[in-house]
Amino acid sequence: METTTVKPQFSEAAQAEIKRLLTHYPDDRRKSALLPILHIAQAEFGGWVSPEVQDMVAEVIGIKPIEVYEVSSFYTMFNLKPVGKHVLEICRTGPCMLRGSDELTAHLERITGAKVGGPASADGLFTLKEVECLAACGFAPIVQVREKYYEQLDTPEAVDAMLTELRNQVHRPALPWEETGLPNAVANN
Amino acid sequence: MGRKLLTEHINVEGIDTFEVYRKHGGYRSVEKAIKTMTPDEVVEEVKKSGLRGRGGAGFPTGMKWSFLAKPEGVPRYLVCNADESEPGTFKDRQLMSKLPHLLIEGMITSSYALGANTSYIYIRGELLYVLRILEKAIAEAYANGFLGKNILGSGYDLDLHVHPGGGAYICGEETALLESLEGKRGNPRNKPPFPAVQGLYARPTVVNNVESIAAVVPIINEGGDEYAKIGVGRSTGTKLISACGHLNKPGIYEIELGVPVEEFIYSDEYCGGIWKGRQLKAVVAGGSSVPILPTELILKTAAGENRLMTYESLSDGGFVTGTMLGSGGFIAMDETTCIVRNTWNFSRFYHHESCGQCSPCREGTGWLEKVLHRLEHGHGHMEDIDLLVSVAKQIEGNTICPLGEAAAWPVAAAVRHFRHEFEWHVTHAKEAAQPGAVYRPSAVLA
Ligand SMILES: Cc1cc2nc3c(=O)[nH]c(=O)nc-3n(C[C@H](O)[C@H](O)[C@H](O)COP(=O)(O)O)c2cc1C
Ligand code: SF4
Ligand code: FES
């Protein structure tokens, strides 16, 4: 993770991925790549996008920083403040509520010590965030962590299994552009 | 057993790979269209099929395609709406993650029909893992000559890209989606101009739902007339229904349009009845934006006819006694469900998701949430119930995009059909505010 005193810079793998993404849009429409690049930035820089990271994104695309801020603040997926190692995004919408999302949220607050919308748990492991429908309502209740969906968390055992898996994750999962063998991916070592 | 035009092979091992998909008849529609049909003939087949948009509005797809402006020398685009964020709807996620090549095949055939040389799939940002699956499948399609330059030696070129959103329900509205695809906030545009004339990058654009695009594949393979034979009346073909809530078997079902609602809920072929042996109380049949109906009105129309899973039957009775098929997000609620709490939850959703551009929606959704919150939490007054109806009325028809109505209709319907529950929340405020409390007629009679 970068510290804020050093000007952040994308890894080489990410730069290659960004270059690929920019080919998806007309040359005079580079701004179209903003959301995809913000996702890369958030994944590479500790799960949130600091003002410095956003400035870097603006520079990479060739747009004004304000154009990045107004977008990052509109979309709920971008965290504008530091987060714990794992951000647990709990769906709170109707269908999930019908199958126990309120109870799940209360349970997660109890066992992690973190509060929804508040800072990370004392051990720095978990940030709890409530989100709206994740398009998985038939498998409710749901928690999303990075790119993974944990479904049917309606028993303490299912919740424990998720938390154990996350606690045992020493490194964050490799990002697709860091893996070899994928289209246009670059090895990152 | 109904016919499965989209999901027949969904559980075949490896069907997400080009090779296995191809072995099961994949990409035939591309070959047929590109080698034996003109683009206009493809559009004609889709018109004949009677296919109606599966994203929620039910607008005839072939007709939408024929509105696309075709000025000389200006690129045009097909954009697939994979934003799937309407609460209760989770069919597109399943289709894309299990059958990525079906969507890609549909995109190629449809892009050919529209004369688009670049097309995009706009997928909600939460589904990045599905974006990876699609990108892998797209790479396979390129490698096998179904995408890129000179597809199948025809001279037709097509590039296909997947683009993630960033978490915003409003980006499912097609003009907000286009703004988002241009790298901006997802604020819906004023219309006209419509996307068919000025869409992505101010160029002619068609936006279609994932399931609509996928349905083009069987339509071209079997012919529009064959497709139109399935279903009832103007509800042709098959539809994916994502069923959730208090059902024994929630999940995604491909039904032939016309299955009776009662059969869909109770038969073992579909949802297998209500969980825990309980009674059904209410259903939201087409995603959270459509009016809620109590059991007696979802199973039968006001005229006493069996309600069918079709556009027409579900909307029979208008908003007084009917609802809508919408996106096919079918939410069942058992007898222990608190309608006030549920309505408040959905209002919070719409308030949270309003883009804030127009005041009736920005302020109105806030009011709805606030008033419902106080009713649910034991601080409501009798006047609040009519206040809800009045706020809902003032939102309707006064906004730039239909999110306003999507927020207003469910509240108006909940009060219409369950007014006694709202009243009980005022007369029994303390009791109603207890966690898990629910109005039941017997509780009142006792
Ligand atoms: C607030 C709002 C949200 C919407 N969300 C979606 C969505 O998630 N997916 C979708 O396909 N259509 C959605 N729509 C409908 C689209 O605007 C558009 O009608 C649809 O994508 C057209 O495709 P179709 O004709 O194939 O259904 C939404 C509309 C509104 C007003
Ligand atoms: S109706 Fe609501 S969501 Fe739609 S443009 Fe107006 S404020 Fe935005
Ligand atoms: S309501 Fe939670 S995934 Fe849809």
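For the range B:397-406, does any single residue satisfy the condition of being more than 16 Å from ligand 1 (Cβ to nearest atom) and away from chain A (no Cβ under 14 Å)?
Start the filter on the range B:397-406 by keeping residues that are more than 16 Å from ligand 1 (Cβ to nearest atom), which leaves none.
Taking every residue of the range B:397-406 in turn, none turns out to be more than 16 Å from ligand 1 (Cβ to nearest atom) and away from chain A (no Cβ under 14 Å).
Collect the residues in the range A:72-104 that are within 10 Å of chain B (Cβ to nearest Cβ), in contact (Cβ under 8 Å) with a residue 40 or more places away in the chain and more than 16 Å from ligand 1 (Cβ to nearest atom), keeping them in residue-number order.
Result: A:PHE78, A:GLU89, A:ARG92, A:CYS96, A:LEU98, A:ARG99, A:SER101.
Which of the residues spanning the range A:130-145 are part of a loop (DSSP other than H, G, I, E, B) and either within 15 Å of ligand 1 (Cβ to nearest atom) or within 7 Å of chain B (Cβ to nearest Cβ) (or both)?
Of the residues in the range A:130-145, the ones part of a loop (DSSP other than H, G, I, E, B) are A:132-136, A:140-142.
Residues satisfying the conditions are A:GLU132, A:CYS133, A:LEU134, A:ALA135, A:ALA136, A:ALA140.
Considering the range B:158-176 alone, what residues qualify as being within 7 Å of chain A (Cβ to nearest Cβ) and either more than 16 Å from ligand 3 (Cβ to nearest atom) or under 20 Å from B:MET107 (Cα atoms) (or both)?
Here is the first cut: in the range B:158-176, the ones within 7 Å of chain A (Cβ to nearest Cβ) are B:161, B:163-169.
Matches in the range B:158-176: B:HIS161, B:HIS163, B:PRO164, B:GLY165, B:GLY166.
Each row is one residue, and each column tells you yes or no for (1) free of Cβ contacts under 8 Å to residues at least 60 places away in the same chain; (2) facing chain B (nearest Cβ under 8 Å); (3) more than 21 Å from the chain's Cα centre (by Cα).
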{"position": "A:ALA14", "(1), (2), (3)": "no, no, no"}
{"position": "A:HIS39", "(1), (2), (3)": "yes, yes, no"}
{"position": "A:ALA43", "(1), (2), (3)": "no, no, no"}
{"position": "A:GLU70", "(1), (2), (3)": "yes, yes, no"}
{"position": "A:ALA106", "(1), (2), (3)": "yes, no, yes"}
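Return a yes/no flag: does the range B:76-87 have any residue that is closer than 21 Å to B:GLY155 by Cβ, within 14 Å of another protein chain (Cβ to nearest Cβ) and surrounded by 15 or more Cβ atoms within 10 Å (Cβ to Cβ). So that I can check it myself, show each step before the final result.
First, pick out the residues of the range B:76-87 that are closer than 21 Å to B:GLY155 by Cβ: B:76-78.
Filter once more, so that each one left must be within 14 Å of another protein chain (Cβ to nearest Cβ): B:76-77.
Okay, now just the ones that are also surrounded by 15 or more Cβ atoms within 10 Å (Cβ to Cβ), so B:76-77.
The answer is yes, given that some residue of the range B:76-87 is closer than 21 Å to B:GLY155 by Cβ, within 14 Å of another protein chain (Cβ to nearest Cβ) and surrounded by 15 or more Cβ atoms within 10 Å (Cβ to Cβ).
Among the residues of the range B:12-70, which ones are within 14 Å of ligand 1 (Cβ to nearest atom) and either more than 30 Å from B:PHE330 (Cβ to Cβ) or in a helix (DSSP H, G or I) (or both)? Steps first, answer last, please.
Step one: list which residues in the range B:12-70 are within 14 Å of ligand 1 (Cβ to nearest atom), which gives B:46-47, B:49-68.
Selection gives B:VAL46, B:LYS47, B:SER49, B:THR61, B:GLY62, B:MET63, B:LYS64, B:TRP65, B:SER66, B:PHE67, B:LEU68.
In the range B:334-446, which helices (runs of 4 or more DSSP H) lie fully inside it and hold 3 or more residues that are polar (S, T, N, Q)? Spell out the reasoning first.
Working: elements: B:339-353, B:359-376, B:382-395, B:403-427, B:429-433, B:441-445.
Hits in the range B:334-446: B:339-353.
Conditions (1) more than 15 Å from ligand 1 (Cβ to nearest atom); (2) within 30 Å of A:PHE139 (Cα to Cα); (3) within 13 Å of chain A (Cβ to nearest Cβ), marked per residue:
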position: B:ALA202; (1), (2), (3): yes, no, yes
position: B:ALA214; (1), (2), (3): no, yes, no
position: B:ASP225; (1), (2), (3): yes, no, no
position: B:VAL259; (1), (2), (3): yes, yes, no
position: B:VAL290; (1), (2), (3): no, yes, yes
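Search the range B:374-403 for residues that are closer than 21 Å to B:GLU431 by Cβ and away from ligand 2 (no atom under 11 Å from the Cβ) and pair each with any residue that is assigned to a loop (DSSP other than H, G, I, E, B) and at pLDDT 95 or above when their beta-carbon atoms are under 8 Å apart and the residues are at least 6 apart or on different chains.
Every condition considered, the pairs that remain are B:ARG374/B:GLY380; B:GLU376/B:CYS338.
If a residue has to be farther than 14 Å from B:LEU114 by Cβ and touching a strand residue (DSSP E or B) at 6+ places or on another chain (Cβ under 7 Å) to count, how many in the range B:62-86 make the cut? Reasoning before the result, please.
Within the range B:62-86, the subset farther than 14 Å from B:LEU114 by Cβ is B:72-73, B:81-86.
Next, only the ones that are touching a strand residue (DSSP E or B) at 6+ places or on another chain (Cβ under 7 Å) stay: B:81-83, B:86.
So the count comes out to 4.
Counting just the residues of the range B:124-145 that are charged (D, E, K, R) and closer than 22 Å to B:VAL30 by Cβ, which one comes out farthest from the other protein chains (Cβ to nearest Cβ)? Give the derivation first.
Narrowing the range B:124-145 to residues charged (D, E, K, R): B:124, B:126, B:132, B:135-136, B:140.
Subset that is closer than 22 Å to B:VAL30 by Cβ: B:135-136, B:140.
Details: B:GLU135: 7, B:LYS136: 7, B:GLU140: 9 Å.
The selected residue is B:GLU140.
Could you tell me which numbered condition A:VAL170 fails, if it satisfies all but one of (1) more than 14 Å from chain B (Cβ to nearest Cβ); (2) outside any helix (DSSP H, G or I); (3) crowded, with 18+ Cβ neighbours inside 10 Å; (4) of a type in the set (A, V, I, L, M, F, W, C)?
Here A:VAL170 clears every test but (3).
The values are calculated or read from the model by the stated rules, or taken from the named source; none is laboratory data. Predicted, not measured: the structure shown is a model, and the values here were computed from it. Reconstructed Cβ throughout: ideal geometry from the backbone, glycine too, with neighbour counts over all protein chains shown.
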